[in-house]
Amino acid sequence: MKQALVDDTEDVSLDFGNEEELAFRKAKISSSQADIVSWVKSLACLRPSASQKAAGVRHPLATFFHLFFRVSATVTYVCCDWFSRSFVGCFVTVLLLLSFDFWSVKNVTGRLMVGLCWWNQIDEDGKSHWIFEARKVTPNNMAATEAEARIFWLGLVICPMIWIVFFFSTLFSLKLKWLALVIAGISLQAANLYGYILCKMGGESDISKVTASFLSQTVFQTVSY
């Protein structure tokens, strides 16, 4: 009888040990799962949402055409000898692309991407007047995003510099038949650059001060990014 009681006591003690071990394992597994869930949630918070990604470029079509015409004109000018032997055809194609670029940047992409617009009109006395408009920031009209503004100004500044390089290369290589087209490219793209710089700086008439201030701001923003 005593032996049986001893056996029962030993069995019960073993059962309690197994239960404690199982409970400890379950608690350890649940704590590990909780750590994994919290880690996944933290990663989800760090990952940008779809709305945040879309907020980078709110006008993708305008951004595309802001670069499409001017890049197409540059590429066509460089590679026109490979595509066609017709000087007139290449000349007209590049000039049309430059004209489309001038119109779209002046009237469409500037309004949408940075909220700026400019035009020049001549009054009855023959005097030239610059007129500038800037979009007011309201809950319905939000300010331009950094991505769109950066794309707009980089495209506006870099492309005229490329055409200036074409100008000197045309002179040094004595390809004077392309000189008129290159001057047209510089004129059309420099006009947009000049107008938007004045519009950005509030219509100041001193171009040297405006250009120096604009370039200093652009360099500072580029370095800070």
Using R₀ = 25 Å, calculate the FRET efficiency as 1/(1 + (r/R₀)^6) where r is the Cβ-Cβ separation of Thr145 and Phe100; round to 0.05. 0.50
In what order, largest first, do Phe166, Phe172, Phe132 sit by accessible area if the probe radius is 1.4 Å? Phe172, Phe132, Phe166
At 1.4 Å probe size, with no ligands or nucleic acids counted, give the accessible surface of Phe68 in Å², nearest ten. 80
Karplus (6.51, -1.76, 1.60) ³J(HN,Hα), θ = phi - 60°, over region 147-153, in Hz, Gly and Pro reported as x: 5, 5, 5, 5, 4, 4, 6
Restricting things to Cα coordinates, could you compute the convex hull volume per residue of region 86-182 in Å³? 146
Sort 175-182, 120-127, 73-80 by packing, meaning the average of other beta carbons within 10 Å per residue, with the highest value first. 73-80, 175-182, 120-127
Here are some pairs, Lys175/Lys200; Lys136/Lys200; Lys127/Lys177; Lys127/Lys200; which of them have Cα atoms lying more than 25 Å apart in this structure? Lys175/Lys200; Lys127/Lys177
Where does each of Arg70, Arg111, Arg135 land when they are ordered by accessible area, with a 1.4 Å probe and the largest first? Arg111, Arg135, Arg70
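The values are calculated or read from the model by the stated rules, or taken from the named source; none is laboratory data. Only a predicted model underlies this, so the values are computations on that prediction, with no experimental measurement involved. Counting neighbours? That spans all protein chains shown, and the Cβs are built from the backbone with ideal geometry, glycine included. Protein only, heavy atoms only, side chains kept; ligands, DNA and RNA dropped before computing areas. Shrake-Rupley method; radii C 1.70, N 1.55, O 1.52, S 1.80 Å.
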